[in-house]
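Single-structure report; data block below.
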Amino acid sequence: MERPTLLALAGVAPPQNEANEADTAAEPAQERVSVVVARVVERELDAAIVLRGRTQAARQVEVRSETSGLVMSEPLSRGSRVKASHVLCELDPGTRRATLAEAEARLAEAEINYTAASRLRDDGFAAETRVAGAEAARRGAEAAVEAAQRELERLKIRAPFDGILEVDTAERGSLLSPGALCGTVIQLDPMLLVAFAAEAQIDQLSVGAEAGARLSNGTDVVGRVTFLARSADPATRTFRVEVTVPNPDLTIRDGMSADILIAASANRGHLVPGSALTLDDEGRLGLRLVDPEDRTLFAPVRVLRDTADGFWVAGLPEVADVVVVGHEYVTDGVVVNPVRREDGE
């Protein structure tokens with residue numbers, strides 16, 4: 001039997017130093033958790049944002065008829081270039097010219113009656129009400145003439161701007177009713193590049209910023225940001241971004257895929273591996289850090305950019321010791337045994 005046991009059976013207390021040694025041996029030694037730590041330093045980010053988008057015609061309109069009638073003009077084929085005010089479809093006037101002639105005749109008659117009534121009133125032979133009636137009839141005749149002339153103008157359906165016909169215009173002999181399609185005109189010069197930026201990216205962009213893009217056919221184009229949406233898409237929570245690029249030879253087609261690079265406001269951040277990111281109990285995204293006393297703490301961060309080398313984040317001190325391996329096994333305030341990882345390891 002051991003000496004402390006024999007002394008206990010004999011009713012003799014062991015010496016004080018021996019009792020302390022026994023208590024110390026009974027206490028389990030507290031082991032520190034080993035974690036791998038990488039030191040990251042705040043750096044300047046490349047001031048650019050890459051978005052995936054597509055080309056889109058700057059303007060597109062379906063030109064429709066305002067009146068009814070048979071098409072009497074030859075159709076224009078799709079792909080034809082048209083100038084503003086170019087006639088796309090011309091309708092048969094029918095009886096509209098006769099209606100205009102009748103309105104002009106009634107206007108002439110109304111003017112004569114008004115002149116006669118005015119003279120009789122001046123001579124005292126006509127009441128003021130007769131003159132007022134003659135004037136009302138004259139104005140009504142003028143309105144009828146104007147309406148007839150406007151109806152004749154509607155017979156020629158014109159292009160609203162310079163562009164290209166996307167579809168053939170209405171065939172000769174076809175009947176158009178009000179609202180019927182005559183043709184579709186699109187404007188490809190300039191061309192729009194449309195993309196959608198995430199919430200973390202939109203504040204780094206500004207109207208007028210330089211932008212470049214590589215299209216799906218390998219063509220490189222350069223332009224400027226002309227529109228940034230103020231309201232997010234309710235489904236994707238992203239913001240529409242438009243870049244305008246010149247397209248004088250019309251080589252850029254509507255609907256082509258494009259990788260867009262936009263100059264952004266300068267930012268500073270830390271480049272950390274994606275595997276080091278974690279969530280706290282409140283669901284905040286962040287990193288586990290180690291302070292100078294080897295205790296862990298959680299630091300919430302904001303992701304600036306996702307790259308092949310990791311994530312650029314903001315919200316850390318200028319120099320930070322980030323737990324890159326083992327952060328899942330520790331909480332705030334835990335004393336750890338940090339194993340330093342050099343750059344490139």
Before I look further, what does region 197-248 give for accessible area per residue, probe 1.4 Å, in whole square angstrom?
56 Å²
Could you give the dipole magnitude of the chain about its Cα centre, charging the beta-carbon of Lys and Arg +1 and that of Asp and Glu -1, in debye to the nearest 20?
1780 debye
Residues whose built amide H sits under 5 Å from the amide H of Arg64, excluding neighbours closer than 5 in sequence, are Cys182
Angle between the chain longest axis and helix 16-26 axis [Cα atoms, degrees, rounded to 10]
40 degrees
Selection from Ile112, Val36, Ser68 lying farthest towards where the dipole of region 27-152 points positive, charges on Cβ
Val36
Options (i) 77, 53, 34; (ii) 151, 57, 34; (iii) 84, 50, 41 are given for Cα extents along the principal axes in Å, and the computed one is (ii)
As I understand it, the dipole of the chain uses +1 on the Cβ of Lys and Arg and -1 on the Cβ of Asp and Glu, about the Cα centre. Which of Val313, Gly53, Leu277 lies farthest toward its positive end?
Gly53
With a 1.4 Å probe and all protein chains left in place, how much accessible area per residue does region 287-334 have, in Å²?
52 Å²
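Charges only on Cβ, +1 for Lys and Arg, -1 for Asp and Glu: so what's the dipole of region 165-225 about the Cα centre, in debye to the nearest 20?
100 debye
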How many Å² of accessible area per residue for region 39-86, probe 1.4 Å?
64 Å²
Net charge within 12 Å of Ala84 by Cβ-Cβ distance, Lys/Arg positive one each and Asp/Glu negative one each, not counting Ala84 itself?
+3
Enter the Cα centre distance for the pair region 38-58 and region 308-341, rounded to the nearest angstrom.
24 Å
Treat every Asp and Glu Cβ in region 239-296 as -1 and every Lys and Arg Cβ as +1, leave all other atoms uncharged, and give the resulting dipole magnitude about the Cα centre to the nearest 20 debye.
140 debye
How charged is the neighbourhood of Val335? Take every other residue with its Cβ under 12 Å from the Cβ of Val335, and add Lys/Arg as +1 and Asp/Glu as -1.
-3
Ranking Ile252, Ile112 from most to least accessible area with a 1.4 Å probe gives Ile112, Ile252
A student applying the Cα gyration tensor rule (rounded when a/c is under 1.5; otherwise prolate if a/b is larger than b/c, oblate if not) would label region 83-190 prolate
Which ³J(HN,Hα) values, rounded to whole Hz and listed in residue order, are derived for region 318-325 from phi using the Karplus coefficients 6.51, -1.76 and 1.60 in 6.51 cos²θ - 1.76 cosθ + 1.60 with θ = phi - 60°, glycine and proline given as x?
4, 10, 9, 9, 9, 7, 9, 9
Could you look at the chain and say what percent of its accessible area is carbon and sulfur, using a 1.4 Å probe and all protein chains?
50 percent
Once the dipole of the chain is set up with Lys and Arg at +1 and Asp and Glu at -1 on Cβ about the Cα centre, which of Leu289, Val339, Ser177 lies farthest towards its positive end?
Ser177
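The values are calculated or read from the model by the stated rules, or taken from the named source; none is laboratory data. What you are looking at is a predicted structure, and each value in this text was computed from that prediction instead of being measured. With ideal geometry, Cβ positions are generated from the backbone for all residues, glycine too; neighbour counts draw on all protein chains shown. Remember, those area values only see protein heavy atoms, side chains included, never the ligands or the DNA or RNA. Shrake-Rupley method; radii C 1.70, N 1.55, O 1.52, S 1.80 Å.
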